[in-house]
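Written below as structure tokens is the structure these notes are about.
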Amino acid sequence: SNSGPTGSGGECRQDASISSMAQALTLPPPPLSLTQEQLQKFIVEGYLALEPSPSLPSDIHDRIYEGSARCFDAGEDPGNNILPEVPELLEVFEAPEVVGALTSLLGPGYMFHSHRRCHETVAGSLPQAWHKDTYKGRQYQPNHRPEWLMALYFPQDTPRELGPTELFPGTQYVRGDYGDNIDSQRKQWATAGVPMVCRKGTVVLIHYDIWHRAGANVSKPSRRRFMHKFQFARMQQPRAAQEEDAKAAAAQAATACVWGTDVAGLTWLGPPAAEPTAPPHSGSSDAGGIDVEAVRQQVSGLDPFARDIKKQSGGVVKAVLENLPEGADKRTVTKFVQEFIDCELTNRKLSDAKAKFVHQRRAVWQDVWSWLHGLPPTSIELGPELEELEAQLYHQEESIRLAAAYRLARSEAGAVVLSKCLAQPGAGPTRAEGKTSVTIRRTALYGLIAIGESAAPQIQNIIAQAISTQLSSTKPTPVPERGSANPGGVQELSGDRQSSNMALEGFDFELSHPATDKDKELLYCLVFALANHTASVGSSLFMLDCAADASMPLSCRVAAVEGLGRNGGLVSDLAKLTAVLRSALQHQFEDLRCAAALAAARLLHDDAGVGRAAVGGDAGLVDDLVRVMEADPCRYAQAYAFEALTRLLALGGHHPGLGKVVASHCAARCGVEAWPLAEALTGSGGPDDEGTRLWLARRLCATRRCPITSPTSRW
């Protein structure tokens with residue numbers, strides 16, 4: 001058996017500061033799953049604030065704050081290595097409330113991603129531009145279903161003046177249209193910014209694609225604010241629900257108020273205005289001679305969004321004054337009526353905003369809820385509604401297009417409409433003026449994803465046609481250099497950050513310029529849709545062919561390899577599967593190497609064991625993963641390979657010498673406190689149950705230092 005982690009010189013094993021294996025294997029408390037109400041809240045709003053865990057030591061948040069301050073006071077941002085520098089952070093993310101919430105949203109065995117960052121704001125810091133984050137070590141692939149989450153941890157009390165992170169609830173489902181000013185689009189999204197004002201120790205889980213920004217720090221006296229950002233990813237798809245669970249989940253989805261028209265709970269959109277008290281008439285108990293109900297009836301005819309609303313309001317005031325009894329105080333009455341009108345119009349606008357928020361997103365919520373619970377898509381008959389929904393696929397507003405796409409996804413006839421829109425986005429009946437085919441196409445593809453496996457044959461036919469067009473009309477695609485066209489890593493949607501104050505991070509090089517090759521764009525959307533479908537043998541084999549096809553655009557091959565990570569366990573040709581993964585791991589395009597290493601880690605969670613046989617049974621593939629782990633120039637490819645190898649050990653993969661290789665890597669990259677974990681995972685005396693071994697693997701991956709982030713690190 002392996003006697004423990006050793007460095008290249010073997011001198012590290014006897015360090016006196018190493019804790020015993022028994023201490024290292026002290027499991028955290030059992031996780032506390034989210035309630036169904038919390039799950040609904042996350043689906044609707046895109047975030048969930050978890051109160052400070054009572055299971056943690058009372059001083060831990062102060063110690064984390066001090067540790068964070070030491071890092072920045074030393075003059076170096078630790079970047080991805082903030083957790084090894086402040087190891088108490090791991091306790092926060094192993095609190096039962098946090099683990100339970102992550103498990104509820106991402107499934108068991110979720111990944112503690114290697115990208116993490118401590119954000120510091122000091123007094124005088126201006127607010128950020130509103131943006132979506134890039135995917136680190138992953139091609140930009142936004143998904144409405146919870147596949148990738150961020151956790152925002154605040155180690156200090158964070159009032160408004162300290163500049164907490166601000167979110168636009170519900171915007172995880174809207175991308176923002178190319179070439180449009182986002183400030184004007186935001187008004188169409190029926191949402192409002194919410195600052196994450198919170199107590200120290202709060203962890204806010206957010207959908208990865210929600211629009212957000214850092215607020216302005218206007219503290220006086222001057223104070224600094226830290227926010228630790230961590231990422232987590234799903235490693236296995238939701239399992240099909242058992243019959244009784246399926247019935248319960250479906251019934252709850254049907255009766256939940258958020259899916260219907262009751263919008264009273266969306267309080268962050270704004271509080272209702274309080275109706276003013278009518279004035280007394282000349283000291284008597286009469287209401288100033290005003291017929292309040294008559295005024296209410298007149299106000300009900302006003303349009304709060306009309307351009308001449310002030311003129312209309314003035315007409316109501318004039319009519320009331322003309323009917324006042326003699327002796328009434330006209331000044332007091334005028335003030336009351338104007339306040340009454342303002343109150344009624346404010347509440348009408350608020351009610352309309354809430355109704356619009358629900359209408360635009362309800363079909364998306366139902367899809368996400370069903371997917372999380374392993375429920376199949378529910379079918380409906382659209383009838384005359386079909387033609388109207390088809391027209392809405394080409395609407396000016398993204399949210400209206402999206403609602404139509406998800407509604408169409410529930411009908412067999414709708415699948416045909418969506419396929420047509422994806423293949424010919426410029427041929428719609430009401431093409432939105434100024435909207436590109438990319439904009440329309442990238443809304444429709446989510447409808448095809450929601451349809452599920454029944455749409456796969458249509459998608460495969462369109463892909464075959466698109467490949468034929470691509471091969472006959474284009475030359476081989478050169479490998480893009482990441483960041484060469486956009487060194488700052490931010491894609492401005494409006495072209496003017498100062499005027500719009502909005503930005504969108506994370507576009508892959510090829511996808512930043514979609515208009516340059518519409519055939520590639522079509523192929524990407526189709527492969528992306530197919531890669532996100534429910535598992536089937538047919539889709540998996542098709543993904544395997546796409547990933548193996550060197551003539552395919554690189555963005556498509558990346559999406560296909562990711563699809564193999566989700567559903568590749570259904571492939572019977574293990575030799576071809578491992579050959580595709582090995583080829584991708586050796587490719588010069590880093591997104592392809594990252595996708596292959598991540599797919600290898602995800603394949604290990606295949607229930608049928610096919611993925612484990614493929615990854616663990618191919619010595620060449622394991623050797624490639626070791627090489628990527630040790631020497632790949634991309635930090636995230638390294639981390640994904642380490643993830644795959646530790647999970648292979650945790651899940652029973654027996655590859656000669658692998659335990660020793662991983663132990664040696666841990667000695668070089670993990671702190672002293674992690675060595676007993678490596679010993680337990682790679683040696684013969686560790687735990688037998690799979691859950692504990694996966695916990696060990698996740699801990700090791702969390703504590704691993706990134707050598708590229710901090711080349712001068714003592715580790």
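The values are calculated or read from the model by the stated rules, or taken from the named source; none is laboratory data. Keep in mind that this is a model prediction, so the values were computed, not measured. Virtual Cβ from ideal backbone geometry, glycine too; neighbours counted across all protein chains shown. The area values use the complete protein model at the heavy-atom level, side chains included, leaving out ligands, DNA and RNA. Shrake-Rupley method; radii C 1.70, N 1.55, O 1.52, S 1.80 Å.
Once the Cα-Cα distance is subtracted from the 0.36 nm per residue extended length, the residue 35 to residue 296 segment shows a gain of 89.8 nm. When a 1.4 Å probe is rolled over the protein heavy atoms, the share of accessible surface on segment 305-351 that falls to carbon and sulfur comes to 50 percent.
Express the accessible area of segment 44-84 per residue in Å², computed with a 1.4 Å probe while the remaining protein chains stay in the model. Each step should come with its number before you reach the end.
Values: 1720 Å² over 41 residues.
Counting only protein heavy atoms, the per-residue value for segment 44-84 is 42 Å².
Of the cross-linked pairs 132/229; 310/335; 310/354; 187/354, which ones have a Cα-Cα span greater than 20 Å in the structure shown? In this structure, 310/354 exceed 20 Å between Cα atoms. In segment 569-674, the portion of solvent-accessible area held by carbon and sulfur atoms comes to 52 percent [1.4 Å probe, whole percent, DNA, RNA and ligands not counted].
In the structure shown, the pairs 136/576; 136/200; 41/220 are assessed against 31 Å; a Cα-Cα span above that value is assigned to 41/220.
Computing FRET efficiency as 1/(1 + (r/R0)^6) for residue 308 and residue 76, where r is the C-beta to C-beta distance and R0 is 51 Å, gives about 0.30.
Going highest first, how would you order 627-635, 317-325 by mean Cβ packing within 10 Å?
Working: 627-635: 17.3, 317-325: 14.0.
Descending mean neighbour count gives 627-635, 317-325.
Run the paramagnetic zone check for residue 536: 7 angstrom along Cα to Cβ, then residues of segment 388-413 with backbone nitrogen under 16 Å. Within reach of a label on residue 536: 409-413. The stretch between residue 274 and residue 338 holds 21.7 nm of extra length on full extension. This uses 0.36 nm per residue minus the Cα-Cα distance. As a calculated quantity, the FRET efficiency between residue 51 and residue 330 at R0 = 35 Å, using C-beta atoms, amounts to about 0.10.
Take segment 571-625 with all the other protein chains still there, run a 1.4 Å probe, and you get 32 Å² of accessible area per residue.
Indicate the gyration tensor shape class of segment 116-193 (rounded, prolate or oblate), computed on the Cα atoms with a ≥ b ≥ c the square roots of the eigenvalues: a/c under 1.5 is rounded; otherwise a/b larger than b/c is prolate and the rest oblate. Cα axes put segment 116-193 in the oblate bin. Probing with 1.4 Å while keeping every protein chain in the model, the per residue accessible area of segment 137-176 equals 14 Å².
Within straight-line reach of residue 330, meaning a Cα separation under 16 Å, sit the following lysines at least 8 residues removed in sequence or on another chain: 318.
Taking a ≥ b ≥ c as the square roots of the eigenvalues of the Cα gyration tensor, segment 616-675 is oblate, since a/c reaches 1.5 or more and a/b is not larger than b/c. Shape class for segment 90-230, computed from the alpha carbon gyration tensor (a ≥ b ≥ c): oblate, with a/c not under 1.5 and a/b at or below b/c. Each label point was placed 7 Å from the Cα along the Cα-to-Cβ direction; for residue 359 and residue 26 their separation is 5.7 nm.
Once R0 is set to 35 Å, what does the formula 1/(1 + (r/R0)^6) return for the Cβ-Cβ distance between residue 157 and residue 688, expressed as a FRET efficiency to the nearest 0.05? Approximately 0.20, to the nearest 0.05. A Cα-only calculation for segment 589-692 places Rg and Dmax at 13.1, 40 Å.
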